[in-house]
Amino acid sequence: MLQSDTVNIDDFDLKQIHDFAVDLARQAGQILINDSLTRNHNIQLKKNAVDIVTETDLKIENFIKLNIQKSYPDHKFIGEESYSTKNANEKTYLVDNSPTWIVDPLDGTVNFVHLFPMTCISIGFTINGKAVAGAIFAPFINQMYSAHKNGGAWLNETTKLPLQQTPISIDAPKGCIFSCEWGKQRGYTENSNLYKKVNSFINMAAEIGGRDGKGGMVHGVRSLGSASLDLCFVATGAFDIWWEAGCWEWDVCAGFIIVEEAGGIITTANPPTDYENVGIPPAQLGSRLYLAIRGCTDNTDAKETSKQSQERVIRQVWKRVDHLDYTRPGV
């Protein structure tokens, strides 16, 4: 990871930064809506048929970048499309301690070209390498998710998240909604990430006792095609669990702070060695390996605090998922 001097977070008005991000995301959402009406997206492939970019991705990123540079000229900017162009081969992690905007101009590009409404603009802001403010706007469903550190998480700036405060069942993951994505690596061999993901999905869905004891009997498995919106749904409480690997910091930056301010926690997707006995490590923003658990209340029946319940579910997920192979220079 690149190093720079630690920055004093108290020098920043995070509410002002939050409000700026919300306004900018909403303006960018109108560009997305307008472009959806033309159905002329000029689709270009990156690595394969599911890793694509459109003129709208590029247009929105340029719009956001110019506005950020105008209002915050001393801040760094990392956007998916400009980053991918300059770092196509190395994919080195570039986030350091500097105040940095991390932007996905259109998360869910495949959804966008099919007019599936799970598409969004994700604008995150980091200090000292940690997400401290963010806004995610899904214009087709007109929902804005936002948060800043110690300011709570919000839906449409008026409704505090999560939408419901309930304990997590002692039987979890049984009865949970499990969210995951197929990813862009589609090579299918026994040792491939896609093979391991599918095996893990089946473990989570299978009946209790099945799959050599790994059956999780979740209520359902959901895949939205947008990591940013997956995290928003964890923040609302609609998704209990999100397990994902392969995405990038622009996919998750804004979602990190939204989930955390809604009481959720985020750790690594891969089970650590001796995971039953070790502590729960926080997720690294650029690690590409993520496991998020929704906010919850204490489970009085199980005599657990909310954090203990979340950590129990994390270990139950780790018990059922395969170890995925995603590496990252600089992390």
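Before moving on, here are some points about what is shown:
- Candidate set from the range 218-244 (those that are hydrophobic (A, V, I, L, M, F, W, C) and out of contact with any Cys (no Cβ under 9 Å at 6 or more places or on another chain)); member that is nearest to Lys130 (Cα to Cα): Leu231
- Qualifying residue in the range 71-90 (condition: free of Cβ contacts under 8 Å to residues at least 12 places away in the same chain and in a helix (DSSP H, G or I)): yes
- Within the range 198-210, the only residue that satisfies the criterion of being in contact (Cβ under 8 Å) with a residue 60 or more places away in the chain and either over 22 Å from Gln310 (Cα atoms) or in a loop (DSSP other than H, G, I, E, B) (or both) is Asn199.
- Positions within the range 188-230 being over 21 Å from Asp107 (Cβ atoms), in contact with a Phe, Trp or Tyr (Cβ under 9 Å, 6 or more places away or on another chain) and among the small types (Gly, Ala, Ser), in sequence order: Ser200, Ala205, Gly216, Gly220
- Single match in Ile258, Ile265 (criterion: over 18 Å from Pro173 (Cβ atoms) and at pLDDT 95 or above): Ile258
- In the range 194-205, the residue that is farthest from Val321 (Cα to Cα) out of those that are among the polar types (S, T, N, Q) and buried (at least 19 other Cβ atoms within 10 Å of the Cβ) is Asn203.
- Residue that is nearest to the chain's Cα centre (by Cα), among those in the range 206-236 that are more than 28 Å from Gly124 (Cα to Cα) and crowded, with 19+ Cβ neighbours inside 10 Å: Val218
- Condition check for Asp74: of a type in the set (Asp, Glu) and crowded, with 16+ Cβ neighbours inside 10 Å: no
- Verdict on Tyr290 being touching a helix residue (DSSP H, G or I) at 6+ places or on another chain (Cβ under 8 Å), farther than 19 Å from Thr236 by Cα and among the hydroxyl-bearing types (Ser, Thr, Tyr): no
- For the range 215-259, the set of residues classified as assigned to a strand (DSSP E or B), closer than 20 Å to Asn193 by Cβ and of a type outside the set (Asp, Glu) consists of Val221, Arg222, Ile241, Trp242, Trp243, Ala245, listed by residue number.
- Summed over the range 282-325, the residues that are part of a helix (DSSP H, G or I) and hydroxyl-bearing (Ser, Thr, Tyr) give a count of 2.
- Scope the range 91-124; condition part of a strand (DSSP E or B), of a type outside the set (A, V, I, L, M, F, W, C) and within 20 Å of Ser179 (Cβ to Cβ); matching residues: Asp104, Asp107, Ser122, Gly124
- Criterion applied to Leu2, Leu24, Leu66 was being modelled with pLDDT under 95 and either surrounded by 12 or more Cβ atoms within 10 Å (Cβ to Cβ) or assigned to a helix (DSSP H, G or I) (or both), and the one residue passing it is Leu2.
- Trp248 being among the aromatic types (Phe, Trp, Tyr) and touching a Lys or Arg at 6+ places or on another chain (Cβ under 8 Å): yes
The rows are residues; the columns are (1) surrounded by 17 or more Cβ atoms within 10 Å (Cβ to Cβ); (2) among the small types (Gly, Ala, Ser).
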site	(1), (2)
Phe112	yes, no
Ala131	yes, yes
Ser146	yes, yes
Gly151	no, yes
Leu155	yes, no
Thr166	no, no
Cys176	yes, no
Arg186	no, no
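- Sole residue being at pLDDT below 95 and either farther than 19 Å from Asp322 by Cα or not assigned by TED's automatic domain parsing to the domain that holds Tyr93 (or both), chosen from Gly237, Gly213: Gly213
The values are calculated or read from the model by the stated rules, or taken from the named source; none is laboratory data. Predicted, not measured: the structure shown is a model, and the values here were computed from it. Cβ atoms come from the backbone with ideal geometry, glycine included; neighbour counts cover every protein chain shown.
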